[in-house]
Every structure is written in structure tokens, then in C-alpha cells.
Amino acid sequence: MFITFEGIEGAGKSTAIAAVADGLKRQGRRVLLTQEPGGCALGRTLRSILLDQKSVIASRAELFLFLADRAQHVAEVVRPALEQGCVVLCDRYADSTLAYQGYARGLEPAALRRLSAEAAGGLVPDLTLLLDLPVEEGLARARRRNERLGTVSSGGRFDAESLAFHAKVRGGFLAIACEEPERVKIVDASRPPAEVQAQCLGHLETLLKGWSHDQATGSL
């Protein structure tokens, strides 16, 4: 089972992923936590370039760096884990490409969908949890986090984009959710962490019930 977490900067994806992972482990499930970019050795190198404020990267070059990470990440990490029966929880995936490079950078959405699908070998998440909150709140959280971790320069390239840019990213995510409501579930990330985690686990429980039913009836 492949579950992705999406959202603007500061949406609280890391906290939500950790809570979902703990819930799954308590059920006795094997869980793998990963991220894009940075879920494999190549991705960690690309991540340091993509997130560094000192990096000056053209929009199309940025796109292909993310796609290179995705191709390697899926081949090296995600597919092998799925084949071994793990539940894979991934912090960002193809929807981020469409929201950031498409809706915000202005690259052609149809081309992005095609290229991203090719990079991932057609792998689509079973569930995407979109953590949504106002842009101003998310950016304030992200800046506090980077200041606390000392990553304002090394990890804040996207945080430094304009408010208008981040509004387009958020709008892109919400548009994707409207287009694919069966896969993408919106979680109100402005709520207290415990409530956000409960929302995530509720959506996951619904998916797991359907998954177990399909297995029992041989529908997979």
C-alpha cells in the first residue's frame, strides 16, 4: 500500500506521517517512511541542491532534477518495499510536481503529468492525504522550523518564494483534490496536531477496511 502526504510548506506533514506510522506499527504492519526529494542516495544529493537558497535553477531544470529523484526513488526504494508487503508512507510525490512546477511555476500540467508518470513507471498512490492550511500560517511555521533547525539557508529555498507563489501552490493542491476526490483526501492542518492526526488516521482506516475487503473477496 502506497500512501503519500502533500501540502504547502509548514503544513505539518512530518508530524502526521510519524503519527500514521505509529498507528500502523501498532497494528503489526511493516512500514517504510520515505520522502521526495531525498529518499535514496541520489535524492539526498539532489535535495541539497534543490532546497538550498543559494541554488539558482531554471524552472525546467528544477523539474527534471525532481523527476530524476523520483525515477531513482521509485526503482530503488518504493517498489521493492511494496513488493515486500510494506506500507510505504512518502512525504511528497507527483502531486507536488504538479502543484509547484505546474500551477506555481507555470509549466504545462498535461506534460508534467506525463513526465512524472514516466519517471515513476506509472506508480500511483493508493491514498494521498493533503494537509491544507492558510499560506501565511504554513510559511510562519516553516520559518520557525528552519530557524530552530538552523536550515534557513540550506533548506529554505521554497520558503523564500513569494506569498503569491505559495498561494498558487495551495490552489494547485486543492484543484488536484477536486479532480481526484477518491484518492486525495483533504485534512484541515490548521487544527491542533492531535486532531490532524485523527483525521489522517480516519482516512487511513477507511482505506484499510476497503483493502481488507478486496483481499477477502479476491478483488485485487
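Computed from the coordinates by the stated procedures, all read-outs in this text should not be read as laboratory data. The structure displayed is predicted, hence computed values, not measured ones. Note: ideal-geometry Cβ built from the backbone for every residue, glycine included; neighbour counts use all protein chains shown.
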Theoretical FRET efficiency, 1/(1+(r/R0)^6), r = Cβ-Cβ of Arg79 and Glu180, R0 22 Å, to 0.05: 0.55
Contour minus Cα-Cα distance for Thr45 and Leu149 (0.36 nm per residue): 35.5 nm
Angle in degrees between helix 109-119 and the longest Cα principal axis of the chain, rounded to the nearest 10: 60 degrees
Nearest 10 degrees, 0 to 90: helix 13-26 Cα axis against the chain principal axis: 20 degrees
Mean separation of Cα contacts under 8 Å (6+ apart) over length of the chain, as relative contact order %: 32 percent
Exposure proxy ranking, count of Cβ atoms within 10 Å, fewest first, for Ser162, Ser116, Ser14: Ser162, Ser14, Ser116
Set of lysines near Lys185 by C-alpha distance (under 25 Å), chain-local residues within fewer than 8 positions excluded: Lys13, Lys25, Lys168, Lys209
Order of Asp52, Asp159 - criterion: other Cβ atoms within 10 Å of each residue's Cβ, fewest first: Asp52, Asp159
Label-point separation, Arg29 to Ser162 (7 Å along Cα→Cβ), nm: 4.2 nm
Principal-axis tilt of helix 41-50 within the chain, Cα atoms, nearest 10 degrees: 40 degrees
Relative packing of peptides 138-150, 196-208 - highest average C-beta neighbours within 10 Å first: 196-208, 138-150
At 1.567 mPa s and 4 °C, Stokes D of region 22-111 from Kirkwood alpha-carbon radius, µm² per second: 91 µm²/s
Whole-number D in µm² s⁻¹ for the chain, Kirkwood Cα-pair radius fed into Stokes-Einstein, 37 °C, 0.692 mPa s: 185 µm²/s
